[in-house]
Amino acid sequence: MSAPTTTAVRPLRIGPLVSATPVVLAPMAGITNTAYRQLCREQGEGFYVSEMITSRALVERTPETMRLISFTPAERPRSLQLYGVDPLTVAKAVEMIVAEDLADHVDLNFGCPVPKVTRKGGGSALPWKADLFRQIVRGAVTEASRGGVPVTVKMRKGIDDDHLTYLQAGRTAEQEGVAAVALHGRTASQHYSGHADWDAIARLRETVTSIPVLGNGDIWSAEDALDMVQRTGVDGVVVGRGCLGRPWLFADLEAGFAGRPERVRPGLRQVTQVLRRHAELLCEFYEDELRGCRDIRKHISWYFKGYAVGGDMRARLGLVDTLEALDELIADLDLDQPYPGAAAEGSRGRAGSPQARVALPEGWLESRELTGAAAEMIRQAELSVSGG
Ligand SMILES: Cc1cc2nc3c(=O)[nH]c(=O)nc-3n(C[C@H](O)[C@H](O)[C@H](O)COP(=O)(O)O)c2cc1C
């Protein structure tokens, strides 16, 4: 692969917001809270998106959702991802975001493949109902525009290979005044299996011409990001699993897009310093040391991927419940280990097998219009739990 020249890379514009590095941290439930976003943002410029926030839970101001929408003063711009299935509730949530100045950018989730969500017609199931998709996007853009807040759409290719929605949804989003569209090159039925279809991303780029198109799926390094831009023509990349346990990937991405060769290759000491800080930020975020320590446990295997940290040590780290205990365990590691190379790179996080059948509301695929019982179901279907 030959790296593109710096002149080929343009800043990414999302409405009035600009990032010289065309990179977005993908929203990840349970991961991209303010603690993690902060670690990533310190590494490089970009858009760093919150976990998915459920519109209804926001409108109802559930305490957990109010925590999830917190941004530190240093976090600018503030990118908040919203999920919803009912146009009125989504519009109300955006109205609240604008009136209370809760975010600078709203991203709409049409990509979630989780059965709990698709069974209610939400996430990646929703664009199949073309009119419902349009109404949600229109309502969100109308409310957001009152505060000059750009709205973006994040979606998958469709429900499965026989029910693709992304090209039509991309055109609709463009017509309705969305500031950018992002495509994860998988269907809901693929879940996280196989490879993301970058050709589909290129097709969306050819179809949606007046706003930025962002590509998402299987970017594990700065080289992958440059490769995607070159192969698909996208205006920017959205990076999810590739940065798990590796917030410094954003430094690599910034360097890569600027045409610079340097990459962060940390030894174990540096890795543990970032891990420790992550844990501390999580404790602050939850205002609870035990909760913060419990949350860091899921990151441990990602941080140590490729480093010689034995199974017993990993198991003990996986039970850590205080920062002091974490410090003691870290002190027992061979911290002089250098970067292990390829073993620390490549895929990480969710993978797994395709879903045999995507969970959908009854009769969902029979028509692309929202009618009868499905319309009533949608009104009742707003989940009140965020980050799921
Ligand atoms: C743990 C986890 C949580 C996720 N949560 C969300 C979410 O809340 N909203 C969303 O739009 N996508 C979510 N995703 C999907 C990612 O944003 C991204 O589209 C997907 O991981 C593909 O990108 P990647 O190959 O760079 O990981 C999640 C993915 C993972 C692994």
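We did not get these values from a lab; they are worked out from the coordinates using the rules stated. Since we're looking at a predicted model, the values are computed, not measured. Here Cβ is always computed from backbone atoms with ideal geometry, including for glycine, and neighbour counts include all displayed protein chains.
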For this session: Please report, ordered by residue number, the helices (runs of 4 or more DSSP H) entirely within region 239-322 with at least 1 residues that are closer than 24 Å to Asp218 by Cα.
Result: 249-257, 268-286, 289-297, 300-303
Exercise. Looking at region 225-235, is at least one residue charged (D, E, K, R), within 13 Å of the ligand (Cβ to nearest atom), closer than 26 Å to Ala343 by Cβ and surrounded by fewer than 23 Cβ atoms within 10 Å (Cβ to Cβ)?
Worked result: no
Exercise. Within the group Ile219, Ile211, which residue is free of Cβ contacts under 8 Å to residues at least 40 places away in the same chain, among the β-branched types (Val, Ile, Thr) and within 12 Å of the ligand (Cβ to nearest atom)?
Worked result: Ile219
Problem set entry | Check on Gly139, more than 16 Å from the ligand (Cβ to nearest atom) and in contact with a Pro (Cβ under 7 Å, 6 or more places away or on another chain) | yes
Seminar exercise, completed: Filter region 8-37 for residues that are small (Gly, Ala, Ser) and more than 28 Å from Val117 (Cβ to Cβ); the one that is farthest from the chain's Cα centre (by Cα) is Ala8
For this session: Scan region 80-92 and give yes if some residue there is within 15 Å of Phe285 (Cβ to Cβ) and surrounded by fewer than 24 Cβ atoms within 10 Å (Cβ to Cβ), otherwise no.
Result: no
For this session: Mind listing whichever residues of region 181-197 are under 19 Å from Val213 (Cβ atoms), within 17 Å of the chain's Cα centre (by Cα) and more than 10 Å from the ligand (Cβ to nearest atom)?
Result: Val181, Thr187
Exercise. Is it the case that region 44-53 has a residue that's surrounded by fewer than 21 Cβ atoms within 10 Å (Cβ to Cβ) and within 18 Å of the chain's Cα centre (by Cα)?
Worked result: yes
Problem set entry | Cβ-Cβ under 8 Å pairs, at least 6 apart or on other chains, region 286-298 side surrounded by fewer than 17 Cβ atoms within 10 Å (Cβ to Cβ), far side in a loop (DSSP other than H, G, I, E, B) and not charged (D, E, K, R) | Leu290/Thr322; Arg297/Gly318; Arg297/Leu319; Arg297/Val320; Lys298/Gly30
Exercise. Just a yes or no: is a residue in region 158-172 within 16 Å of the ligand (Cβ to nearest atom) and farther than 19 Å from Pro113 by Cβ?
Worked result: no
